[in-house]
Amino acid sequence: MDVLVLAVGVGCAWQGWRPMLLPRRSPTPTHRSAGSAWMARAWGLGMVLTGFSLTAMKIFEVVGGCPDWPVTLMVWVSGPLVLATTLAGVVTRWGERGRGRAGDERRQT
């Protein structure tokens, strides 16, 4: 079980690197939902922090120590960051779809 959590932590960090470095070519939910580059970068940063915090917490647990305050801070920052950027991407997509439909209706009449 420890190896699985470590693999998930490294996988989250790996998945977040690409949107941070190449926001326009990244396969993230925020990019696919017509989000801007800053949304893709923020989502990537949240995923990297999630991966680092998962890995650090599991390493502290295996070693027998207690996670220090930077790990706790990463957990409290990464969760809302990923959720907020995903929600912003969904709202952006929903708004563009609504504007697209309204534009089609105006052209037909």
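Every number in this text was worked out from the coordinates using simple rules, so none of it is lab data. Please read all numbers here as calculations on a predicted model, not as lab measurements. Cβ coordinates were reconstructed from backbone atoms using ideal geometry, including for glycine residues, and neighbour counts include every protein chain displayed.
Under the simplified labelling scheme, the residue 90-residue 61 pair shows an inter-label distance of 2.7 nm, with each label point 7 Å from Cα along Cα→Cβ.
Phi angles of region 14-19 translate, via the Karplus equation with coefficients 6.51, -1.76, 1.60 and θ = phi - 60°, into HN-Hα couplings of 5, 5, x, 5, 4, x Hz per residue; Gly and Pro are given as x. Backbone geometry of region 2-11 corresponds, through the Karplus equation with coefficients 6.51, -1.76 and 1.60 at θ = phi - 60°, to 3J(HN,Hα) couplings of 5, 5, 5, 5, 4, 5, 5, x, 5, x Hz, x marking Gly and Pro.
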